[in-house]
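The structure under discussion appears below in the form of structure tokens.
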Amino acid sequence: QVQLVESGGGLVRAGGSLRLSCVASQRTFNTLVMGWFRQAPGKEREFLGFIRQSDSSTFYADSVQGRFTISRDTAENTVHLQMNSLKPDDTAVYYCAATRRINALGSPRGYDYWGQGTQVTVSS
């Protein structure tokens, strides 16, 4: 039932910034959690962080904490991933995911709905 659409990917230079967006079909946010993941070729899907729709509280993986910020749009049913100080190793397909559960939020298995992904390429 929940549909997610990511956008904002593209090519950016190392050290630059990029903001991704994820639009969800659901307008009621109570207990809903939205997470961000990425997957590079030959690597496992990596957890980046999540935001609780009820209070906008966030949690980040150590690998991106301080560089990436997740936020919720105040007017639209949209979640953003602000990425700063990008590195070539950040190159990957970035996915938005959603769940109504509150378990395994740091793992792909904790999420039931996924977007199509958006490619982020960081050049040297």
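Please give the contour-minus-distance gain from ALA104 to SER124: 0.36 nm per residue of separation, less the Cα-Cα distance, rounded to one decimal in nm. Kindly include the intermediate steps, with their values, before the conclusion.
On the way: separation 20, 0.36 × 20 = 7.20 nm, distance 3.47 nm.
Difference between extended and current length: 3.7 nm.
Shape analysis of the chain places it in the prolate category; the axes a ≥ b ≥ c from the Cα gyration tensor give an a/c of at least 1.5, with a/b above b/c. Let me have the relative contact order for the chain, percent, based on Cα pairs under 8 Å that are six or more residues apart. That works out to 35 percent.
Sequentially through the range 90-97, phi angles give Karplus couplings (6.51, -1.76, 1.60; θ = phi - 60°) of 7, 4, 4, 8, 9, 10, 9, 9 Hz, Gly and Pro residues having no value and appearing as x. Taking amide H positions as modeled 1.01 Å from N, with prolines and chain starts lacking one, the residues under 5 Å from THR91 and 5 or more places away or on another chain are VAL122. What the Cα convex hull of the range 75-114 gives, in volume per residue, is 114 Å³.
What is the sum of charges around SER54, taking Lys and Arg as +1, Asp and Glu as -1, for the other residues whose C-beta is under 13 Å from the C-beta of SER54? Intermediate values should be presented prior to the final figure.
Working: positive: ARG52, ARG72, ARG100; negative: ASP55.
Within the 13 Å Cβ shell, the charges total +2.
Which net charge results for the neighbourhood of ALA14, defined as the other residues with beta-carbon distances under 15 angstrom from its beta-carbon, given Lys and Arg at +1 and Asp and Glu at -1? Display every interim value, and only then the final one.
Values: positive: ARG13, ARG67, LYS87; negative: ASP89, ASP90.
Charge balance in the 15 Å sphere: +1.
Return the carbon/sulfur percentage of the accessible area of the chain, one whole number, probe 1.4 Å, all protein chains in place.
Numbers: 2940 of 6400 Å².
For the chain, the apolar C and S fraction of the accessible surface comes to 46 percent.
Set the Förster distance to 22 Å, then compute FRET efficiency between SER25 and PHE59 from the Cβ-Cβ distance, nearest 0.05. Given R0 = 22 Å and the Cβ-Cβ separation, E is 0.40. Take 44-56, 6-18 and order them by the average number of nearby Cβ atoms within 10 Å per residue, most first; the result is 44-56, 6-18.
Beta bridges from DSSP with both residues in the chain: antiparallel share about 90 percent, rounded to the nearest 5.
The values are calculated or read from the model by the stated rules, or taken from the named source; none is laboratory data. The structure displayed is predicted, hence computed values, not measured ones. Cβ: placed from backbone, ideal geometry, glycine included. Neighbour counts: every protein chain shown. What goes into the accessible areas is simple: the full protein's heavy atoms, side chains included, and nothing from ligands, DNA or RNA. Shrake-Rupley method; radii C 1.70, N 1.55, O 1.52, S 1.80 Å.
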